[in-house]
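Report on the following structure.
Nothing in this text is a laboratory measurement; each read-out follows from the coordinates by a stated rule. In this text the structure is predicted, and so the values were computed from the model without any measurement. Note that each Cβ is placed from the backbone with ideal geometry, even for glycine, and that neighbours are counted across all protein chains shown.
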Amino acid sequence: MKVRPMYRWKTFWFGVFVVLFFRWAWVESQFYRTSFVVDRGGRMTGVLRQEGATYFFSDGPFNEGFWRERLPEPSKRLEENLAALTPVFGGYTKVPDLTVIAPCLLLWCGWLTWRWMREDGREVR
């Protein structure tokens, strides 16, 4: 049985779309700071995207709403700024882009390999 070419699989093109989205988001975060902040009864809680990472924070010194601004040139490193603002912040959690992108790529490649083997008629254990 002949295996269909990979470029005809919907899962292949969906994965390409996701990888391109991750690439766009990473490049965008190098030049822009995007944040979404919600006021929860006097506590400002939100998400901040900047310099290849996503930060989840509480009690941050931000205004409520959705904000997008260009980073100043040359950009100061966010971690240095957050270290200085830690007493002001109630706390923050950093999630680097690589911790999201790498597992997604591994799962996608595994899925494509499994599917290729299944269509080729090989037994997958």
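Working out 0.36 nm times the residue gap between Arg23 and Trp9, then minus their Cα-Cα distance, what length gain in nm do you get to one decimal?
Contour length minus Cα-Cα distance gives 2.9 nm.
Label points 7 Å out from Cα along the Cβ direction at Thr34 and Trp67: separation in nm?
1.6 nm
Tell me, what HN-Hα J-couplings in whole Hz come from the Karplus equation 6.51 cos²θ - 1.76 cosθ + 1.60 at θ = phi - 60° for each residue of the range 23-28, using x for Gly and Pro?
Per residue, the Karplus-derived 3J(HN,Hα) values read 4, 4, 5, 5, 5, 4 Hz.
Give me the extension gain from Cys109 to Asp59: residue separation times 0.36 nm, minus the current Cα-Cα distance, reported in nm with one decimal.
Full extension from Cys109 to Asp59 adds 14.0 nm.
Quick check of the Kirkwood formula: for the range 1-70, what is the inverse mean of 1/r over all pairs of different Cα atoms, in Å?
One over the average 1/r among Cα pairs gives 14.5 Å for the range 1-70.
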